[in-house]
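Student: Quick one: the structure is below, and I'll ask about it shortly.
Nothing in this text is a laboratory measurement; each read-out follows from the coordinates by a stated rule. The structure displayed is predicted, hence computed values, not measured ones. For neighbour counting, all protein chains shown are included, and Cβ atoms are generated from backbone atoms with ideal geometry for every residue, glycine included.
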Amino acid sequence: MSPQEIVREIRHRVFKSKKAELDSLIMSAKHMRVQRPYDFLSRYESILSRNCGWIPLDFKGKKVLEIGCGPVLGFGPLAIYRGCDQFVGIEPEFNDLVLTSPEIIEKYFLKVYKDLAAIYGGSVTFDSYFRDLKEKTVVIKKELLDTELQGHFDIILSNSALEHIFPFKETLHPLYEVSTRDTRFLHLVDFGNHRLTKNPFDGIYDFEPKNYFHSYGKQINLIRPAEMLGIMREIGFEAQMVAYYYYSENYSGKVCDFWQAQIKKEEMFLKTAIIAGPLRN
């Protein structure tokens, strides 16, 4: 990092500077990649369509919820462009200045609009689109378990969020309560360790969960694929799971007795999967 970037991170993380947070966001290649909303959704729906007959989501007139929408509203800009009535994002650390920053509006939201207009067509102007984005978007800056959601949602989304939720089952009960039998949901789950290791499962299977949490903290909940799907079905979600990809290459760790008894070998290295349902519109 350059000295300027280090100063921005100190201002952001230590002094909680909203301006420094915006500066870091503007410099982020990850968050400023304008193709992200369409890229992610189109990939996930393509995989689901090929594997389980998934019908693509129709956002028009729908009420949409995203868990962990991130600093630039995640799927929100896409959902609004495609005609949703309301987008509700859950993001505890969301910075409200994002929607008023001229730099972020120009560098991100304007370019997202141009990308979506090229893909989906339509004659709506950017001014009209961005006005809808601000008026139809609600960001709840709380953890999901502490959120008092109102009414029901037609579509519920998340992108690498479920694996970070503690406590998992208790948190998903309120989510089910704001769903109906026709609510469609799509969750991409990353079952790796979320650390910069050669293999994304390094460290996970060496220890029992309590020892892993002691060593690495509670960044991930360590709920494995079959267990997560089972919990969601037990709660009442009409859920299916489709594998995205596996990653067993370069794994050099051991598998302790706890995990050998808890997980089937064929799902041990399932890195990412999509949990979705129901298939119907």
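Student: Counting Lys +1, Arg +1, Asp -1, Glu -1, what net charge surrounds SER252 among other residues with beta carbon under 12 Å of its beta carbon?
Tutor: Values: positive: LYS198, LYS254; negative: ASP202, ASP206, GLU249.
Counting the neighbours of SER252, the net charge comes to -1.
Student: Just GLN150, GLN240, GLN86 to compare: in a GNM of the chain, with alpha carbon springs under 10 Å, which one fluctuates most?
Tutor: GLN150
Student: Please work out the Cα center distance from segment 12-87 to segment 194-231, rounded to the nearest Å.
Tutor: What the calculation gives is 25 Å, centre to centre.
Student: Still on this structure, please answer the following. Per the helix-only calculation at 222 nm, which mean residue ellipticity applies to the chain, given -39500 (n - 2.57) for every DSSP H run of n ≥ 4 and division by its residues, nearest 500 deg cm²/dmol? Mind showing how you got there, number by number?
Tutor: Details: 10 runs with 100 residues, N = 281.
After summing the helix terms and dividing by the residues of the chain, the value is -10500 deg cm²/dmol.
Student: Among GLU66, GLU234, which comes first, then next, by fewest other beta-carbon atoms within 10 Å? All intermediate terms of the calculation are to be shown ahead of the outcome.
Tutor: Values: GLU66 24, GLU234 10.
In order of increasing Cβ crowding within 10 Å: GLU234, GLU66.
Student: Give me TRP54, TRP259 ranked fewest to most by other Cβ atoms within 10 Å of their Cβ, as a rough exposure proxy.
Tutor: On the way: TRP54 23, TRP259 18.
If I rank by nearby Cβ atoms, fewest first, I get TRP259, TRP54.
Student: Using DSSP loop states and a limit of at most 14 other Cβ atoms within 10 Å to flag trypsin sites (Lys or Arg not before Pro), what is the longest stretch of the chain containing no flagged site? Mind dumping the intermediate values first?
Tutor: Values: sites that count: LYS16, LYS30, ARG33, LYS60, LYS141, LYS142, ARG181, ARG195, LYS198, LYS218, LYS254, LYS264, ARG280.
By the stated rule (loop sites, at most 14 other Cβ atoms within 10 Å), 61-140.
Student: Another question about this same structure. Label points 7 Å out from Cα along the Cβ direction at SER42 and GLU103: separation in nm?
Tutor: With each label placed 7 Å out from Cα toward Cβ, I get 2.9 nm.
Student: Per residue of segment 200-209, in order, report the coupling 6.51 cos²θ - 1.76 cosθ + 1.60 (Karplus, θ = phi - 60°) as ³J(HN,Hα) in whole Hz, putting x for Gly and Pro.
Tutor: Using θ = phi - 60°, the values come out as x, 10, 4, x, 5, 8, 6, 10, 5, x Hz.
Student: Taking every pair of distinct Cα atoms and averaging 1/r, then inverting, what Kirkwood hydrodynamic radius in Å comes out for segment 99-195? Mind dumping the intermediate values first?
Tutor: Details: mean 1/r = 0.0612 Å⁻¹.
Result for segment 99-195, one decimal place: 16.3 Å.
Student: Which residue, GLY83, GLY236, GLY122, has the most motion in a Gaussian network model of the chain that connects Cα atoms within less than 10 Å?
Tutor: The residue that fluctuates most here is GLY122.
Student: To one decimal place, what orientation-averaged projected area in nm² is obtained for the convex hull of the Cα set of the chain? Could the numbers behind the result be given before it?
Tutor: Working: hull surface 63.7 nm².
If you wrap the Cα atoms of the chain in a convex hull and average its projections, you get 15.9 nm².
Student: Return the aspartates and glutamates within reach of LYS19: Cα separation strictly under 17 angstrom, same-chain partners fewer than 8 residues apart disregarded; answer none if there are no such residues.
Tutor: Once the sequence-local aspartates and glutamates are set aside, what remains near LYS19 is GLU5, GLU9, GLU93, ASP96, GLU103, GLU106.
Student: Moving on to the next point. Between rounded, prolate and oblate, where does segment 155-254 land on the alpha carbon gyration tensor, with a ≥ b ≥ c its root eigenvalues, rounded for a/c under 1.5, else prolate if a/b exceeds b/c? Walk me through the numbers before you get to the answer.
Tutor: Values: a/c = 2.52, a/b = 1.80, b/c = 1.40.
Because a/c hits 1.5 or more and a/b exceeds b/c, segment 155-254 counts as prolate.
Student: Here's a follow-up. Under a 5 Å amide H to amide H cut-off, with H placed in plane at 1.01 Å, what residues pair with TYR244 once short-range neighbours are removed?
Tutor: Excluding prolines and chain starts, which carry no amide H, the hits are THR272, ALA273, ILE274.
Student: Hey, another quick one. For VAL138, VAL242, VAL189, what's the fewest-to-most ordering of other Cβ within 10 Å of each Cβ? Intermediate results must be reported in sequence, preceding the final value.
Tutor: Details: VAL138 12, VAL242 16, VAL189 23.
Least to most surrounded, the residues fall as VAL138, VAL242, VAL189.
Student: Okay, next question. If Lys and Arg each add +1 and Asp and Glu each add -1, what is the summed charge of the other residues whose beta carbon sits under 12 Å from the beta carbon of PHE153? Don't skip to the answer; put the middle values down first.
Tutor: Details: positive: LYS62, LYS63, ARG184; negative: GLU66, ASP85, ASP154, GLU177, ASP182.
Spelling it out: positives minus negatives among the neighbours equals -2.
Student: Tell me the relative contact order for the chain as a rounded percent, counting alpha carbon contacts under 8 Å between residues six or more apart.
Tutor: 18
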